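For reference, the structure discussed in these notes is given below.
The values are calculated or read from the model by the stated rules, or taken from the named source; none is laboratory data. Every value quoted in this text rests on a predicted model; they were computed, and no experiment measured them. Because the Cβ atoms are built from the backbone with ideal geometry, glycine has one as well, and the counts that use them run over all protein chains shown. Calculation scope for accessible area: heavy atoms of the full protein, side chains included, ligands and nucleic acids excluded. Shrake-Rupley method; radii C 1.70, N 1.55, O 1.52, S 1.80 Å.
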Amino acid sequence: MTTNKKTIMITGGNSGLGFAAAKIIASRYKDYQLILACRNLEKANMAVNELQKSTDNQNIIAMELDVSSLHSVRKFVANFQAADLGLLDGILCNAGINGNNTGLTKDGFDVVFETNHLGHFLLTNLLVPFMREDGRIVVVSSDMHNPPGDNLTWPGVPALAYPSESLNTHFIRYSYSKLCNLYFTYSLVEKLAYMKSKITVNAFNPGLLTTTNFAPDKSRFTEEFMKQIEDRIGTLEVSSEALANLMTDSKYDYVTGKYFDRGVEILSSPLSYDENNRTELWKKSIAYTDLKVTETLPELVK
């Protein structure tokens, strides 16, 4: 049944940062409807039950979504349409995996590249037609898109989608996937602006959250490296609060194309603003996902 409630969809909302942000939003805004879009539906339903009890907000549902599968993304969007849940006010692209995950997906892409970038690229493009005109999109990136002591150079999209041995380290593959998040954000902002759309798109860095199940194995990091990233370590409390605000606070109504580091607007790395790189990523992502003009706003398939 179509609803007039404000509706926010959160990928990976059953744990960690996504769950914490969902809890803040559900507690503050009883008239908000939250969709937890998660790979494991059983865990998602458990999260829904916990949130409903702790926030006294019953407008929370779970839907199955695996962003490492293009088929699952399309199935999720079809199910969303069939459920007649109304227009989306917000899309929070939060689900992700660290670089310890290796191998290829069923679609044949590097698992980190598809999970952290390609799946969300397709998901967002498919859902934009079902957003309110003043909707918000927030993409969770990371300051590791600009890792300390390592000046990334762009290897080209195919090298990320089908990594060679030279890019097969957990560290570098994650960093590139987070750089892709920024290229995606800035390209989408540009295309929506060209269409005179009021939908806003921003990127968010939560910092390294050592208390979540997403945290990498720190035994891989040297003492020297840990000192280098000391100021990059975030807390779940601060980061989830900043993320919930970015999704809901009226002061962000007209803010778009920005990068927020735990609530503070800063510049992302110089490399992240390279127009040629992000144009390449957008075009290759369209090809990799087989995104059709009829599936999204036609101006986005360019």
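Structure values in brief
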read-out: In region 73-94, the residues that are open to solvent by 20 Å² or more (accessible area, probe 1.4 Å) and either without any contact (Cβ under 8 Å) to a residue 60 or more places away in the chain or under 18 Å from Thr289 (Cα atoms) (or both); value: Arg74, Lys75, Ala78, Asn79, Gln81, Ala82, Ala83
read-out: Residue within region 125-132 that is under 13 Å from the mean Cα position of the chain (by Cα), open to solvent by 10 Å² or more (accessible area, probe 1.4 Å) and at pLDDT 95 or above present; value: no
read-out: Among the residues listed as Asn57, Asn94, the single one being under 14 Å from the mean Cα position of the chain (by Cα) and either farther than 21 Å from Leu127 by Cα or of a type outside the set (Phe, Trp, Tyr) (or both); value: Asn94
read-out: Positions within region 37-67 being under 18 Å from Gly96 (Cα atoms) and touching a Leu at 6+ places or on another chain (Cβ under 8 Å), in sequence order; value: Ala37, Cys38, Arg39, Ala44, Ala47, Ala62, Met63, Glu64, Leu65, Val67
read-out: Residue within region 108-117 that is assigned to a helix (DSSP H, G or I), open to solvent by 20 Å² or more (accessible area, probe 1.4 Å) and closer than 18 Å to Leu291 by Cβ present; value: no
read-out: Yes/no for Leu271 being surrounded by 11 or more Cβ atoms within 10 Å (Cβ to Cβ) and in contact with a His (Cβ under 9 Å, 6 or more places away or on another chain); value: yes
